[in-house]
Amino acid sequence: MSNRLADVQARIATVHELESVVNAMRGIAAARAREARSRLDGIRACADMIGAAIGDALMLDDRNAQLASARTEEGAGTHLVLVLCAEQGFVGSFTEHMIEAAAQVPHAGVMDYFVIGDRGVVIAQEHGLSVGWSAPMVAHSDEVAALADRITEALYERLEAGRATRVTVLHAVPQLATTIEIVQKSLLPFDFARFAVSARHIAPLVTLAPQRLMVRLAEEYVFAQLCEAIMLSFAAENEARMAAMIATHANVHDKLDQLVGDSRRLRQDEITAEIVELTSGSLASGGSAYNSCN
């Protein structure tokens with residue numbers, strides 16, 4: 001029985017260590033989610049500035065943007081879906097939901113997938129998705145711009161080579177609910193029509209040809225959109241990890257209560273056994289003394 005009690009006490013110590021790890025992971029996830037949320041206003045302000053610049057540029061010659069969009073839409077090619085998943089574990093079914101949503105994107109032709117996050121790549125392959133390009137998901141908010149830059153280069157390389165004509169991004173958004181909300185956005189072909197032409201009376205002075213300027217501004221806007229999508233996904237990933245750690249902490253606490261109860265019962269049984277043993281020995285000694293006197 002003493003061996004069983006020692007085993008239970010050892011498990012209690014292990015569970016206490018696990019509880020400390022879970023609490024630390026929950027705290028780190030909360031800090032990263034909070035930091036990611038704080039960066040969103042800056043990213044959106046940058047996107048608004050680029051959008052305003054596009055509105056000004058449309059004053060120069062909006063036919064260039066319309067023709068560029070028309071040429072892109074007329075071409076036949078591959079629909080490329082960019083899926084932002086989790087890089088690390090302990091996020092529940094976060095990545096599985098992202099890949100399932102990507103598999104359900106409607107398409108009429110060839111599909112190709114850019115998957116961000118190593119875990120997402122594995123699950124995408126299990127679902128039979130064709131992963132044409134992948135990259136690790138960011139581990140810190142400071143890495144978002146670098147990842148967005150890599151994705152932008154890979155996307156436009158495909159577009160210029162004629163290997164894709166349409167690009168859609170799927171990403172999660174942070175929320176307090178337990179369910180995962182997934183947003184689907186069309187990145188390309190770039191829709192210049194959603195930007196209002198500037199109301200200024202004098203067209204801006206530029207050093208680039210209007211069509212080249214529109215292309216450059218569109219690339220910058222796509223970059224800003226990717227930064228926002230990655231930051232939102234990173235925040236959602238960490239909030240999913242927080243939820244998983246909260247559930248794990250509850251399970252750990254229940255297990256700890258069970259082990260402490262087992263330890264108390266075993267210790268009580270051990271004490272009872274010792275009392276019975278001592279009592280039996282005392283009675284045996286008293287009986288022997290009585291017999292010798294007779």
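Read-outs: derived from the displayed coordinates by stated rules, not from any lab. Treat the numbers as computed from the prediction; the structure is a model and nothing was measured. Because the Cβ atoms are built from the backbone with ideal geometry, glycine has one as well, and the counts that use them run over all protein chains shown.
Here are the numbers:
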| item | result |
| --- | --- |
| Cα→Cβ-extended label distance, 7 Å offset, between Leu18 and Met59, nm | 6.6 |
| Relative contact order, percent, the chain [alpha-carbon distance under 8 Å, six or more residues apart] | 32 |
| Dipole magnitude of the chain about its Cα centre (Cβ charges: Lys, Arg +1; Asp, Glu -1), debye to nearest 20 | 340 |
| Value of D in µm² per second that Stokes-Einstein yields for the stretch 28-241, Kirkwood Rh from Cα pairs, at 25 °C (0.890 mPa s) | 136 |
| Rounded to 10°, Cα long-axis angle of helix 144-160 versus longest principal axis of the chain | 50 |
| Choice from Gly89, Gly261, Gly132 showing the highest fluctuation, given a GNM over the chain with Cα pairs closer than 10 Å | Gly261 |
| Computed [θ] at 222 nm, deg cm²/dmol, the chain (DSSP H ≥ 4; -39,500 (n - 2.57); rounded to nearest 500) | -24000 deg cm²/dmol |
| Under-5 Å amide H pairs with Thr78, H placed in peptide plane, nonlocal only | Ala164, Thr165, Arg166 |
